[in-house]
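Trainee: The following block contains the structure, expressed as structure tokens.
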Amino acid sequence: MYRATVIWDGQIQVVDVAESEADPLMGMSLLYGFKLQIEAIEGGVVTIEALK
């Protein structure tokens, strides 16, 4: 486990990061209060927007 600092929605957040040999994943707790939209196709667009 590692600890990382990220800028999320203009705010500095400290998050835990688990090392893995798989593709990276984003923790669901970081997405709380946001809308996640995924075009589930190769080359699809991923958008994350703050909920009003």
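Trainee: Only four residue types carry charge here, +1 at the Cβ of Lys and Arg and -1 at the Cβ of Asp and Glu. Report the dipole size of the chain about the Cα centre in Debye, rounded to the nearest 20.
Mentor: 320
Trainee: I'd like the GluC sites (Glu not before Pro) in the chain restricted to DSSP loop residues with at most 11 other Cβ atoms within 10 Å, sorted by number.
Mentor: In loop regions of the chain (DSSP not H, G, I, E or B), the sparsely surrounded GluC sites (Glu not before Pro) are 19, 21, 39, 42.
Trainee: Here is a follow-up. Counting other C-beta atoms within 10 Å, and keeping those with at most 15, which DSSP coil chymotrypsin sites (Phe, Trp or Tyr not before Pro) do you find in the chain?
Mentor: 32
Trainee: What whole-number volume per residue, in cubic angstrom, does the convex hull of the C-alpha atoms of the chain give?
Mentor: So the per-residue hull volume is 98 Å³.
No value in this document is a laboratory result; all are computed from the given coordinates. Every value quoted in this text rests on a predicted model; they were computed, and no experiment measured them. So basically every Cβ, Gly included, is an ideal-geometry build from the backbone, and we count neighbours across all protein chains shown.
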